[in-house]
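Every number here is computed from the coordinates shown, using simple stated rules; none is lab data. None of these values were measured; they are calculated from a predicted model. Quick reminder, even Gly has a Cβ in these numbers, built from the backbone with ideal geometry, and neighbours come from all protein chains shown.
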Amino acid sequence: MLNKRLLIKNLLAHNDESTFYDKKRQLNLHSREGKAKFLKHICALSNSNPANRSFIVVGVEDRDNEIVGDDFFDDSRIQNLVNAYLENAPQIQYENIPFPNLPKEKVVGLVTISPNKQISFFKKGIHTIPANSVFKRRGSNSIPMDEPFTRSRTSKEIVESIENASRNSISDTLDGVMDFMNNRHKDFTTKYKVFKELFIICWAGIPKRVRSETYLSRVDIELINEQIKLFYSDQDDVIITYDEDSFTIVEYVRLGLQDKTSYYPLEKKTILFYSNGYYKIEQEMLFEPPVYNKKLLYHIYNSNLNIIAKLSKNLELSFRELKDLENLPSTLMICYLNGFDDAKQVLIDAKELLRKHPTVYASFKDSMRVLRKMKYNANE
């Protein structure tokens, strides 16, 4: 098995960005420009590496390779975005890799692009990239190609060498378990489970009883063998079940107007383990948004617009408005899901204003994650 943390270190140590890997401070998939840049690099790396995997490392300073991390990004349906714009799209995987020096809510993202024998190109335009555009890597740059080009295999041996140097060891696994349970989550309830004598999952959270169910909040779940964070949330609650062959996470979101006391199942993620050393992750979207009276929502929507307007002008909020601000992201999401088509863009445009309020900003990120999952699920 590959130790993904070690793989990232070895990629960063291999000189600068190259024909087989790129690094980014962060991904911005909220805007068409951010999506276009991401897709361009996927296209270029795939076309330049037909015989080996290629990578994008997210959460690294471009100037000096400092590992600063990025937000946890659990959207496995990012493949749908690639498929929507690229013809002959490569298979990609986004994984969240924890690093000891980072805050617990920060990770390094690793995008792995599988070898692809066919040439990828844009089947439709996005931002400034027109349809039928083709990209490849030249050194550390992703450049357009207006003419047919010859694909080489020059990176294959280098990438294989880096991957071989990133294999997991018993020491890495044991150190990872001990660090997870005794250092990073010593104040939480922590557990671990071994599957097929090969895989170890560790998880931590705060148990709480709600009606007849026991939920875990402030949850962190990691597949220690590969140093992959499978799930992280300060906001949502989960129910965990497992047997000898599988580990299942059902994620719930708390939604409601004012109190947010109702629990709605969002997504079920099941990790299936096999005796031959392989595993796969299956996901099922469960979310059915709550339906509210349109007149009530219209009043609440306008109140949220007024709060955002006051924030933009640096005006003081009343006590009632401060309470409403706490629920603003989830309230705007409810409005959007009930037919207020502008509410999602209003929420996105308010991002920098909400960043000044850490608790509200955490709720913003979770609301955007729910909306993104619903969008990709609708496209499947």
Checklist line | When each of Lys124/Lys375; Lys313/Lys375; Lys351/Lys373 is checked by Cα-Cα distance, pairs over 25 Å | finding: Lys313/Lys375
Note to self: As I understand it, the dipole of the chain uses +1 on the Cβ of Lys and Arg and -1 on the Cβ of Asp and Glu, about the Cα centre. Which of Leu266, Gln79, Phe340 lies farthest toward its positive end?
What the structure shows: Phe340
Notebook entry, point to check: In whole Å, what are the Cα extents of the stretch 269-311 along the three principal axes, biggest one first?
Noted result: 58, 27, 5
Checklist line | Tail weight of P(r) past 18 Å, computed on alpha-carbon pairs of the stretch 90-248, percent | finding: 71
Next item on the list: Give me the aspartates and glutamates in straight-line cross-link reach of Lys123: C-alpha distance below 13 Å, same-chain residues under 8 apart excluded.
Entry: Glu87
Margin query: In whole Hz and in residue order, list the ³J(HN,Hα) couplings for the stretch 335-345 that follow from phi through the Karplus curve 6.51 cos²θ - 1.76 cosθ + 1.60, θ = phi - 60°; x for Gly and Pro.
Written below: 4, 4, 6, 10, x, 8, 4, 7, 5, 5, 5
Margin query: At q = 0.22 Å⁻¹, what log₁₀ I(q)/I(0) does the stretch 262-344 have when each alpha carbon counts as one equal point scatterer in the Debye sum?
Written below: -1.05
Checklist line | Scaled radius of gyration (Cα, divided by 2.2 N^0.38 Å) that the stretch 170-285 gives | finding: 1.11
Note to self: What whole-number volume per residue, in cubic angstrom, does the convex hull of the C-alpha atoms of the stretch 199-345 give?
What the structure shows: 152
Note to self: Quick check on the chain: what are the equivalent-ellipsoid semi-axes from the Cα gyration tensor, as sqrt(5λ), descending, whole Å?
What the structure shows: 35, 28, 19
Check: Per 5 Å bin, what is the whole-percent P(r) computed from every C-alpha pair distance within the stretch 151-205?
Finding: 4, 16, 19, 15, 12, 10, 8, 8, 5, 2, 0
Notebook entry, point to check: Where does each of Asp349, Asp341, Asp220 land when they are ranked from fewest to most other beta-carbon atoms within 10 angstrom?
Noted result: Asp341, Asp349, Asp220
Notebook entry, point to check: Counting each DSSP H run of 4 or more residues in the chain as -39500 (n - 2.57), what helix-only mean residue ellipticity at 222 nm follows after dividing by all residues, to the nearest 500 deg cm²/dmol?
Noted result: -10000 deg cm²/dmol
Item checked: Loop-resident sites, the stretch 308-345, for GluC sites (Glu not before Pro), counting at most 12 other Cβ within 10 Å (DSSP) -> Glu316
Item checked: Hydrodynamic radius (Kirkwood) for the stretch 4-164, which is based on Cα pairs only, to one decimal in Å -> 15.8
Note to self: Placing unit charges on C-beta atoms (Lys and Arg positive, Asp and Glu negative, everything else neutral), compute the dipole magnitude of the chain about its Cα centre in debye, rounded to 20.
What the structure shows: 660
Next item on the list: Could you check how many percent of all C-alpha pairs in the stretch 294-378 are farther apart than 18 Å?
Entry: 37
Note to self: Just want the answer: with Cβ charges of +1 for Lys and Arg and -1 for Asp and Glu, which residue in Val238, Leu322, Ile307 is farthest toward the dipole's positive end in the chain?
What the structure shows: Ile307
Checklist line | Amide H contacts under 5 Å for Ser120, placed H, 5+ residues apart | finding: Asn47
Item checked: Neighbour-count order for His14, His299, His41, fewest beta carbons within 10 angstrom listed first -> His299, His14, His41
Margin query: Name the residue from Val58, Tyr21, Ser31 whose Cα lies farthest towards the positive end of the charge dipole of the stretch 4-70, charges +1 on Cβ of Lys and Arg and -1 on Cβ of Asp and Glu.
Written below: Ser31
Check: Most mobile of Lys123, Lys40, Lys186 per a Gaussian network model of the chain (Cα springs, under 10 Å)?
Finding: Lys186
Next item on the list: Eight or more residues apart or on different chains, and alpha-carbon atoms under 14 Å: count the Lys pairs in the stretch 10-115 matching that.
Entry: 5
Check: Dipole magnitude of the stretch 222-348 about its Cα centre, charges +1 at Lys/Arg Cβ and -1 at Asp/Glu Cβ only, in debye to the nearest 20?
Finding: 760
Notebook entry, point to check: Karplus couplings for the stretch 104-112 from phi (6.51 cos²θ - 1.76 cosθ + 1.60, θ = phi - 60°), rounded to Hz, Gly and Pro as x?
Noted result: 4, 8, 9, 9, 9, x, 10, 9, 10
Notebook entry, point to check: Using +1 on the beta carbon of Lys and Arg, -1 on that of Asp and Glu, and nothing else charged, what's the dipole of the stretch 4-164 about the Cα centre, debye to 20?
Noted result: 380
Margin query: Order 204-215, 90-101, 300-311, 222-233 from most to least packed using the mean count of other Cβ atoms within 10 Å.
Written below: 222-233, 90-101, 300-311, 204-215
